Each structure stands twice: as structure tokens, then as C-alpha cells.
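Novice: Take this structure first; my questions come after.
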Amino acid sequence: MLQLKSLAKVTAPTQSSHLFALTTDDPFPNQVIDNSGALVVECINVLSGARFAHLGDEIVCVVKRARPVPTATSGPKGTQAAPKVKKGEVHRALIVRTRKENRRLDGTFVRFDDNAVVMLNKQGQPLGNRVMGVIAAECRQKRWAKIVSMAPKVV
Amino acid sequence: MSIRTFHTLFTRSIRCHHQVRCPPTSSVLSVSSRNYAKKAAAQEEDAGAPLGPFYPKPAPLTLNRVDPPPDTLPDWKEQKTLMASIAEEARLRHDFDNRSELFRKGSPDEVEPGSVLLIEQIASRSRPRKQVFAGVLIAIRRKGIATNIVVRNYVLGTGVEMEFYVYSPMVTRIKVLKRITGIAQGGDDIYWLKDRPHASPLAFSKIDEMVIRDREAEKRRAAGAASA
């Protein structure tokens, strides 16, 4: 039986409406919405070299909070996949939702209630095998087809 | 998948550019993903015949134009009327299904912020796959031809807001699913609803049912039109 509760997304406690996109100068926690084991990460570098990272950009991030590694005796055996990342590790991630509105070519804007990422490894492959939550369609345009195919809903 | 659908997909995929969307093999093969929440429905469903290029309606013959005297600079009043008549003409030419009646102040069909709308849009005219977004209207920004509306909904637990340009040819249908009055109190926006979602008389969770009901109604209508 999959313990779906432990895979549930943690809501961001912060009150500040951090409207602007993710940047290195002002570190801000971002939700992780896959099952790689990380829960909250902070961006430390934007790989495209831009000052701000936007929707569909790859970033380098450090894991601020991760799912606790289960010990041998806890829980029924073989139900929880061992989390692949631990707190303090540096990984890459793809931004899939931003609070800052994103303009599409037909003039529509889309804006989410939080900033969310999906963890990647250095080759650009997702670390988790499942994505929980909605993803912006910009990821498909920027050729992250694997992550888009894992997503339950694309807006 | 029938042979015809496969043929359509195959020929479409070799014609279009890098956005080839094959069925996600990883999700089909891996055991762990089968128990999870439903994947998004196959994106390569029949998008329909490609629409031709967009042409606005022909220009109306007369409008309330004010032409300034040839040698003088128009003063600000004349400029306002001139811009207003240009915007009016542009709106008349881009309004195919009378949607300006929904957003014009003082019209009998006026939609107030707080109502539930369903917006159907297409991303491309050569592959007009309809994408539906429904939600609570939280703002109407009246700016002539660039009038836009902000619609808010919760998708899989996350709040999403989308802004649509009302007169865009990519917005194929704006439907009022439920008319709700009294929330905006004469204003044009209810941005405070983001912080107090429970204050809307219609729970956000009901919107999905309304979308499904609308889709069934559309199917029945299409079936009726096809058989008639």
C-alpha cells in the first residue's frame, strides 16, 4: 500500500508573495513536486546564465528539506522507495510553476500560487519517477517531454 | 486505437516539428506509476481540421468618427473620441459571437466578477486542439480591444490564474457556467478572493462538475447537429 500521505506536498508556510522569478541573490524556498525525496529546495544558480530563472528553466539548487530516510524497522517492507536525495545535497531542478505570471505567445498569462520544481540529475533526467501536481505547459515547449508525460495535469 | 487514428497521428507527427508527443512509454511500463493518480489524457486526440488564417470582420461603413481640421493638432477631446472610435471599430471587427455583451458595463448580459466562466482556447490554428479552463472570474480589465479577464481555479490543489484577452481569435468560446452577482459590489475585480477562497458562494470544487456537464451538453449538441 503506497503511503500517499507521506508523499503529499508540504504547503509553503511563508506569507510573503514573492512575485519575481527565482534568483540566486534572494534565496527563496521552492516546493518539490516529485517523489525524489526532496521537499523544499533553494535555487543557487540559474543554468542559462540569466539573472532570474523562469518557467521551464533548469536551475541548480540545494535541498533544504527532505523526506526522512526510513530506517530498517519502520513501516512495512518494500512500500516506500528510498528517497534519492538528502538534505544539503546539490542537484539540478526544473521550474514547473511560478508565482510570477508567464506570458504565452497568444497573449494569455498563467500564474500559479506557488513556485515548484522537479528534481533532475546532471544529465537532465528526472530523479523521481512520479510528479504530483499540475505543471505549466511551458515545460513541453522547452522540450522537457519526459516530465510532462509524468505529470497528471498540464495547464 | 483505430487504424485511422494511428495514421492521423503518424502523418501529423512527421509533418510537425520537435513537439512529437509519443505515448509515454515510461508510464506504461513501470509498475509503480500504475497505481498513481490518472495521467493526463492522451494529448494527441483528434484536434480537428486545421482552421484557416484569421480575418476580422469587414470594417463597418460608418462610425462616429471625428476627423480633426486638417491644419490643426487635434485637442485632447478629439483625440479621445478618435481613439475611442478606433477601439470600437476594432472590437466590432473581432467580436464574432457577441462576447462584448458579456463584459460591457451596463449591458443586460453583463457578467460580474465572482461568476464561473469556462474559456475554450486553441494554441494553434493549424492544429486546433481545444484547451478548456474554467474558474471564477476575479477581474475584468476593460481596455478596448485589449480587454482581458482573470479567471482563477484550483487545479490538483494548486491555485492557478489565467488571463485571457477577450477579443483574441485564439479564445474560441467564453461560456458563463454560473452567473453570480453581489460579490464585486459594483467593482471590476475581487482580487481578495485569492486570500479568502471560502468567501465565494460557489465552492471551487463544484467547478469540475460544471465543466463535465458542459462537455456532455456540447457532445449532445454536436451529435444532434451531426444527425440533423
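Novice: Check whether at least one residue in segment B:107-114 is of a type outside the set (A, V, I, L, M, F, W, C), within 14 Å of chain A (Cβ to nearest Cβ) and part of a strand (DSSP E or B), and report yes or no.
Specialist: no
Novice: Kindly provide the set of residues from segment A:103-155 that are part of a strand (DSSP E or B) and either hydroxyl-bearing (Ser, Thr, Tyr) or surrounded by 22 or more Cβ atoms within 10 Å (Cβ to Cβ) (or both), ordered by number.
Specialist: As a first pass, look at segment A:103-155 and keep what is part of a strand (DSSP E or B): A:103, A:109-112, A:116-120, A:126, A:131, A:134-135, A:153-154.
Listed by number, the residues that qualify are A:Phe112, A:Ala116, A:Val117, A:Val118, A:Met119, A:Leu120, A:Val131, A:Val134, A:Ile135.
Novice: Report the residue count in segment B:128-146 for those that are among the β-branched types (Val, Ile, Thr), crowded, with 20+ Cβ neighbours inside 10 Å and within 12 Å of another protein chain (Cβ to nearest Cβ).
Specialist: So the answer is 1.
Novice: Identify all residues within segment B:189-226 that are β-branched (Val, Ile, Thr) and either under 12 Å from B:Val116 (Cβ atoms) or surrounded by 13 or more Cβ atoms within 10 Å (Cβ to Cβ) (or both); write none if there are none.
Specialist: B:Ile190, B:Ile207, B:Val211
Novice: Take the residues of segment A:30-46 that are within 23 Å of A:Val110 (Cα to Cα) and of a type outside the set (S, T, N, Q): which is surrounded by the fewest Cβ atoms within 10 Å (Cβ to Cβ)?
Specialist: Going through the qualifying residues, I end up with A:Glu42.
Novice: Can you say whether A:Arg130 is basic (Lys, Arg) and within 15 Å of A:Leu55 (Cα to Cα), as far as the supplied structure shows?
Specialist: Spelling it out, it is not the case that A:Arg130 is basic (Lys, Arg) and within 15 Å of A:Leu55 (Cα to Cα).
Let's see how each residue does on (1) closer than 30 Å to A:Ile33 by Cα; (2) at pLDDT 95 or above; (3) not β-branched (Val, Ile, Thr):
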| site | (1), (2), (3) |
| --- | --- |
| B:Ala123 | yes, no, yes |
| B:Pro128 | no, no, yes |
| B:Val151 | yes, yes, no |
| B:Val155 | yes, no, no |
| B:Arg173 | no, no, yes |
| B:Leu177 | no, no, yes |
| B:Leu193 | yes, no, yes |
| B:Lys206 | yes, no, yes |
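Novice: With the structure loaded, tell me whether B:Arg125 is part of a loop (DSSP other than H, G, I, E, B), within 11 Å of chain A (Cβ to nearest Cβ) and of a type in the set (D, E, K, R) or whether it fails that test. Before you say what the answer is, go through the steps one by one.
Specialist: Working: part of a loop (DSSP other than H, G, I, E, B): yes; within 11 Å of chain A (Cβ to nearest Cβ): yes; of a type in the set (D, E, K, R): yes.
Judged against the criteria, B:Arg125 is a match.
Novice: Return the residue satisfying two criteria in turn: it lies in segment B:194-207 and is in contact (Cβ under 8 Å) with a residue 60 or more places away in the chain and within 21 Å of A:Asp114 (Cβ to Cβ), and of such residues it is nearest to the chain's Cα centre (by Cα).
Specialist: Among them, the one singled out is B:Ile207.
Residue-by-condition table, conditions (1) more than 17 Å from B:Val132 (Cα to Cα); (2) at the interface with chain B (Cβ under 7 Å from one of its Cβ atoms):
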{"residue": "A:Thr108", "(1), (2)": "no, yes"}
{"residue": "A:Lys122", "(1), (2)": "yes, no"}
{"residue": "A:Met132", "(1), (2)": "yes, no"}
{"residue": "A:Met150", "(1), (2)": "yes, yes"}
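Novice: All but one of (1) away from every other protein chain (no Cβ under 11 Å); (2) modelled with pLDDT under 85; (3) surrounded by 13 or more Cβ atoms within 10 Å (Cβ to Cβ) hold for A:Thr73; state the number of the condition that does not hold.
Specialist: With (1) away from every other protein chain (no Cβ under 11 Å); (2) modelled with pLDDT under 85; (3) surrounded by 13 or more Cβ atoms within 10 Å (Cβ to Cβ) applied to A:Thr73, the lone miss is (3).
Novice: Scanning segment B:169-215 for residues that are in a strand (DSSP E or B) and of a type in the set (A, V, I, L, M), which turns out nearest to B:Asn98 (Cα to Cα)? Write out each step before concluding.
Specialist: So the first thing to find is which residues in segment B:169-215 are in a strand (DSSP E or B), and the list is B:171-178, B:189.
Then drop every residue that is not of a type in the set (A, V, I, L, M), which leaves B:171, B:174, B:176-177.
On the way: B:Val171: 13, B:Ile174: 10, B:Val176: 13, B:Leu177: 17 Å.
Among those that are in a strand (DSSP E or B) and of a type in the set (A, V, I, L, M), it is B:Ile174.
The values are calculated or read from the model by the stated rules, or taken from the named source; none is laboratory data. Small disclaimer: the values here were computed from a predicted structure and weren't measured. We place every Cβ from the backbone using ideal geometry, glycine too, and count neighbours over all the protein chains shown.
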